[in-house]
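J.: One structure coming up, written as structure tokens, with questions to follow.
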Amino acid sequence: MASENSAIVRAWCDGCFDMVHFGHANFLRQASKLCDELYVGVHNDEEIEKNKGPPVMTLEERMIMVEGIKWVKKAVPGVPYITTLDTLEESKCDFCIHGDDVTLDASGQDTYRYVREAGRFKECPRTKGVSTTNLVGRMLLMTKEHHRPATPTGPPREKSPYTGTASDTIEISEEIHREFLQGSEPKPGDRIIYVAGAFDLFRILAVQVLCLHSLYNCKGNRHCL
């Protein structure tokens, strides 16, 4: 393995990370528990368009979002859509982690087939109730009730005619909530800045503003999410 002579266990994740949402962050939170350092590769625009379709956000924008997530040790830009052993070796990673959903390339094959066959692949449960497709469906549906909980006796939620999806309720445990909120406590003399906002469809400017305050107040900590 890449770091078999080291005490540090380094894992690799990769993806499009287009319109980064809670599901992406929760996946990286889970992946970070399987290693000491988490390296995250971000596919370039051309690779995504070839295998999946054109992304909404540019590579630079998607890199900013990934770099802002506190469980990421390092973000690597422009990585191949198909993950190979060479991908792991280049960043000296021991294994690859992905969600329990299957990701296919343009030919219909599993993009993680090579690392699976080599026994260097681990899975994390996919976060139910949220996905990029789901978010696009919410926007195209344009209702004020897409967060309304479904009930056995109530009317079903509307589905987007474009994506065929409806908004599902995301169940967040106390443990997950606590880990997302976990951070360093302010010390006497620290400057505390309050930033308010709706933070709906978390965008680049919001991340940059929060990271700027984080860098100013936390002695170089680049993570803000």
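The values are calculated or read from the model by the stated rules, or taken from the named source; none is laboratory data. The shown structure was predicted, so the numbers you read here are calculated from the model rather than taken from an experiment. Positions of Cβ are generated from backbone atoms using ideal geometry, with glycine treated the same way; all protein chains shown enter the neighbour counts. Heads up: the accessible areas ignore ligands, DNA and RNA and are worked out on the full protein's heavy atoms, side chains in. Shrake-Rupley method; radii C 1.70, N 1.55, O 1.52, S 1.80 Å.
J.: Just to verify a number: FRET efficiency for residue 196 and residue 34, C-beta to C-beta distance, R0 = 22 Å, to 0.05?
T.: Once rounded, the FRET efficiency stands at 0.05.
J.: Going by average Cβ neighbours within 10 Å, how do the peptides 35-46, 124-135, 16-27 rank, with the highest at the top?
T.: Ranked by mean Cβ neighbours within 10 Å, highest first: 16-27, 35-46, 124-135.
J.: Now for a separate question. Which of rounded, prolate or oblate describes the range 6-63 when judged by the alpha-carbon gyration tensor and an a/c cut-off of 1.5?
T.: Prolate.
J.: Let me make sure I get this right: for the range 42-103, a, b and c are the square roots of the gyration tensor eigenvalues over alpha carbons, sorted descending. Under 1.5 in a/c it's rounded, otherwise prolate if a/b > b/c, else oblate. Which is it?
T.: Note, shape of the range 42-103 comes out oblate.
J.: Within the accessible area of the range 1-143, what % is carbon and sulfur when the probe is 1.4 Å and the other protein chains stay in place?
T.: 52
J.: Considering only Cα-Cα distances, which of the following residue pairs are longer than 19 Å: 33/70; 50/122; 73/128; 50/92? Don't skip to the answer; put the middle values down first.
T.: Numbers: 33/70 13 Å; 50/122 26 Å; 73/128 25 Å; 50/92 27 Å.
Those over the limit are 50/122; 73/128; 50/92.
J.: If you take the square roots of the eigenvalues of the alpha-carbon gyration tensor of the range 8-139 and sort them as a ≥ b ≥ c, do you get rounded (a/c under 1.5), prolate (a/b over b/c) or oblate?
T.: Working: a/c = 1.41, a/b = 1.22, b/c = 1.16.
Rounded.
J.: Which order, highest average first, do 91-103, 186-198 follow once you tally other Cβ atoms within 10 Å for each residue and take the mean per peptide?
T.: 91-103, 186-198
J.: At 0.36 nm per residue, minus the direct Cα-Cα distance, what do residue 117 and residue 22 gain on full extension? Give it in nm, one decimal, please.
T.: Values: separation 95, 0.36 × 95 = 34.20 nm, distance 3.00 nm.
Contour length minus the Cα-Cα distance gives 31.2 nm.
J.: Per residue of the range 19-32, what does 6.51 cos²θ - 1.76 cosθ + 1.60 with θ = phi - 60° give for ³J(HN,Hα)? Whole Hz please, x for Gly and Pro, Karplus curve as stated.
T.: Rounded to whole hertz, the list is 6, 3, 9, 4, x, 4, 4, 5, 4, 5, 4, 5, 5, 5.
J.: Take peptides 77-83, 9-15 and line them up by average Cβ neighbours within 10 Å, highest first, as a rough protection proxy.
T.: Result, highest mean Cβ count within 10 Å first: 9-15, 77-83.
J.: According to a simple spin-label model (label point 7 Å from Cα along Cα-to-Cβ), what is the distance in nm between residue 102 and residue 128?
T.: With each label point 7 Å from Cα toward Cβ, the separation is 2.1 nm.
J.: Next up: For residue 73 and residue 85, compute 0.36 nm times the residue count separating them, minus their Cα-Cα distance, and round to one decimal in nm. Intermediate values should be presented prior to the final figure.
T.: Working: separation 12, 0.36 × 12 = 4.32 nm, distance 2.00 nm.
Using 0.36 nm per residue and subtracting the Cα-Cα distance, I get 2.3 nm.
J.: Please list, in chain and number order, the residues 5+ apart from residue 124 or on another chain whose amide H is under 5 Å from its amide H, with Hs placed from the backbone.
T.: Counting only residues 5 or more places away or on other chains, the set is 98, 99, 100.
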